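Taking it in order: structure first as structure tokens, then the write-up.
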Amino acid sequence: MTTAGTGATRPDARSEATRLLCAGAYLDLGFRRRVIEELVEHEERPIAPSLGIDVVPVLTHALRARTQDVLTAVLLACLWAAFFASGFVSDSDSLPDVPLPWAGIYAMVCVAHWIGQAAAGHGSAVYAVDKSTLRRALKGRVSLRALRAVGPPLLQIGYWIAVIVALLNGVGSWTAVLFPLLLVLPVWMHRSRVATVMRLELGREAFARHPRAVPRSRHHRRIAATIDREQYAGLTIYDPSRPFIGMGRPYEPWSFVLELKPRSGGNGGKDLSKGGGSGDGRPAFTARAVVDLIRPRLEALRDSAAATSRDRLKDLEIEEFVYLPVGPHRPEVRYDELVVRQHLSEAVDEGGEARRYFLRVRVGAWDEQVVVSVLVRVHTQGGMLVLEVVPHVLMPVKPEFRAVDVIASRGEDDILRDGARALLTAPAAGFASAVSAVRTAVAGFRTWLADPRRAVPDGPAGSVREIAGVHSISLFQEMDISRYVKTVQDRIASGVRDALRSQGYETDQFEQQIVQVSEGGVFIGSMSGGAVAAGSGAQARNTTKDGGS
């Protein structure tokens, strides 16, 4: 069982997924905005369970990236103000007045760049140039797609040609050249700061040894302390309309109901599922008894994988977990070890609708890019056995976040290249930073107005890890997911079967259901008359007891 604790002591604080998500806060404006919205703007919501990541560093870098955007936007706003004002205050013969249309034209160029960048799916204010997107656009047959990628750069080139021609004809202004170049400087500084963070904090080796990033302001440190209290706890708050937030997408969940029938000469027909015991010293057939038989088999699977292979099953994690419905305000929910243990011990056998106990089995594969979680719940009330198995999969992190390794590999002597990149991306980056600053101001005012600390209690509405995931996986990853899920389900079925046998119950029907479910078949508990066929070329006949059809 995992209880609340500091993320600094968790291996997840140094995981590859955590590193990529921290980098994503700089590379993806949409991701950064969603992280801050979920964790800061909706402070009334507890966070979803953190599987394979540490949320606090991700939030810290998201806040730092937002602050850098605001600083860049302020510097650019000052330059733009000077650009427009210069046309009114200039009275020198050597520096002719700047016709206001030049400022307006360059502003339109910046807007066109930003629209093209946003249409291509890149909301970053820093690393917006994606050559592969440009190549795909040029190869495509849709003219609008090509125009979206090629049009903004052509507009920028057209602006510089027009300015140079105007200067050669004596009707232009050197200010129309100077100010666009000055606008590159804040973007260049921004890129340099981000590159430094990527190199000194988020590179593979640097991230492993760098201290855990935590927010600086008192307000955000309080939120980080609350996250640390919740993200690895053995319980989580949930909204009934949004269960399993943070686990990923469901992967072929299944369940079945089995009547507990004693074997001949078993326990004499006594119902052990009511907690009375067998009378001969054997424990009662309860959900806790079943879980206690499932867990050793999963642990044996992990130990066997660790001893014989490098399979990710060697790092299989087994935790007891309980879901609590939304109730008290967030600060009033207790996550200390004694309270968590009490919830687990009470919920495992109660079978309630609101408080729900699960045995959670997790496999973090592909450097935590693919996370498989199998949630198991057992009921044994009323002479029935109910087994619910709910696998979930967290999808890989967005591949564009891996740009951190490319950026981190660039040395400090890459100044000229980075300056050229800043020149090419300055129009879009400058406008995007301005948009980010406006959104930050609006979000801050909205948060202040809503006062989330006093809002109605709510459950998690999103997961940082899920927000960063893609929608598809490779065939290799799909094969691994299927293998992990089927292997874990086999150990679960083995534990339940042994639990039934040890208490003297029939297992034939249970084994039939397990075999058919694991093989992807169709199980029908009972039917009267008729026939069923499944699969390509399958046939079915309905026969009578005397063999007639």
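The values are calculated or read from the model by the stated rules, or taken from the named source; none is laboratory data. Being a predicted model, the structure only gives us computed values, none of them experimental. Note that each Cβ is placed from the backbone with ideal geometry, even for glycine, and that neighbours are counted across all protein chains shown.
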Do any helices (runs of 4 or more DSSP H) lying entirely in region 439-549 carry at least 2 residues that are touching a Lys or Arg at 6+ places or on another chain (Cβ under 6 Å), at pLDDT 85 or above and at negative phi, and which ones are they?
475-502
When region 297-331 is examined, which residues are found to be under 17 Å from residue 48 (Cα atoms) and charged (D, E, K, R)?
319, 320, 330
Say whether the condition of being of a type in the set (Val, Ile, Thr) and under 30 Å from residue 290 (Cα atoms) is met by at least one residue in region 429-442.
no
In region 452-503, which residue that is closer than 19 Å to residue 20 by Cβ, surrounded by 14 or more Cβ atoms within 10 Å (Cβ to Cβ) and β-branched (Val, Ile, Thr) is farthest from the chain's Cα centre (by Cα)?
473
All positions within region 331-352 that are assigned to a helix (DSSP H, G or I) and touching a helix residue (DSSP H, G or I) at 6+ places or on another chain (Cβ under 6 Å):
348, 349
Region 400-438, subset surrounded by fewer than 17 Cβ atoms within 10 Å (Cβ to Cβ) and among the basic types (Lys, Arg), residue farthest from residue 106 (Cα to Cα):
402
Which condition number in (1) over 18 Å from residue 459 (Cβ atoms); (2) crowded, with 18+ Cβ neighbours inside 10 Å; (3) at pLDDT 90 or above is the one that residue 218 fails?
(2)
Could you check residue 385 against (1) part of a strand (DSSP E or B); (2) within 30 Å of residue 503 (Cα to Cα); (3) modelled with pLDDT of 90 or more; (4) hydrophobic (A, V, I, L, M, F, W, C) and say which number it fails?
(3)
Looking at residue 421, is it closer than 23 Å to residue 72 by Cβ and under 28 Å from the mean Cα position of the chain (by Cα)?
no
Hey, residue 327 hits all of (1) exposed (fewer than 13 other Cβ atoms within 10 Å of the Cβ); (2) part of a helix (DSSP H, G or I); (3) not acidic (Asp, Glu) but one; which does it fall short on?
(2)
Please tell me if residue 215 is assigned to a loop (DSSP other than H, G, I, E, B), under 25 Å from residue 24 (Cβ atoms) and either in contact with a Leu (Cβ under 7 Å, 6 or more places away or on another chain) or polar (S, T, N, Q) (or both).
yes
Of 403, 422, the only residue that is in contact with a Ser or Thr (Cβ under 9 Å, 6 or more places away or on another chain) and part of a helix (DSSP H, G or I) is 422
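Among the listed residues 334, 356, identify the single one that is under 23 Å from residue 458 (Cα atoms), in contact with a strand residue (DSSP E or B) (Cβ under 7 Å, 6 or more places away or on another chain) and charged (D, E, K, R).
356 is the lone residue from the list that is under 23 Å from residue 458 (Cα atoms), in contact with a strand residue (DSSP E or B) (Cβ under 7 Å, 6 or more places away or on another chain) and charged (D, E, K, R).
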Among the residues of region 218-264, the number that are of a type in the set (Val, Ile, Thr) and in a helix (DSSP H, G or I) is 3
